[in-house]
Amino acid sequence: MDRVFIEGLEVDTVIGVYDWERGIRQCLRLDLTLGWDNRPAAADDDIAKALDYAVLSERVMAFARDAHFQLVETFAERLAALLMAEFGIQWLRLKVTKPGAVAAAIGVGVEIERGCR
């Protein structure tokens with residue numbers, strides 16, 4: 001299986017368990033690896049047969065813009081399910097980093113893998 005990736009996509013969303021977090025938007029950094037068969041797109045040089053990472057990135061940003069979750073885990077699960085359903089992705093790995101959530105760390109978060117390779 002081929003892989004399409006998007007690294008370091010920064011999105012703003014409402015995320016957090018503390019009251020003060022519920023009233024602000026915070027940045028999350030996303031790394032996505034998506035299982036996709038690139039052969040049909042490459043054979044015809046046809047974007048319509050490719051997993052269009054520009055369109056996918058816009059969808060991720062729209063999801064984040066509308067999201068209001070307490071847990072990064074919930075954000076990751078819901079986003080993974082949405083991408084698999086809307087884009088027909090069979091397998092993905094998603095890393096969600098919340099910078100600054102722990103003062104002594106560059107970032108904390110979760111990494112999930114869903115679907116079958």
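For this structure, a couple of remarks:
- Each residue of the stretch 2-115 gets 90 Å³ once the volume of the Cα convex hull is shared out per residue.
- Against the chain, whose longest principal axis is taken from its Cα atoms, helix 53-66 shows a tilt of about 30°.
- Solvent-free Debye scattering, log10 I(q)/I(0), computed from the Cα coordinates of the stretch 73-117 at q = 0.23, 0.31, 0.33 Å⁻¹: -0.75, -1.06, -1.14
- log₁₀ of I(q)/I(0) at q = 0.31 Å⁻¹ - the stretch 1-42, Debye sum with one point per alpha carbon: -0.97
- A simple rule links phi to the HN-Hα coupling: the Karplus curve 6.51 cos²θ - 1.76 cosθ + 1.60 with θ = phi - 60°, which for the stretch 71-82 gives 9, 4, 4, 5, 3, 5, 4, 5, 5, 4, 4, 4 Hz, with x for Gly and Pro.
Where a number appears in this text, it was derived from the coordinates with a stated rule and is not lab data. All values reported here derive from a predicted model rather than from experimental measurement.
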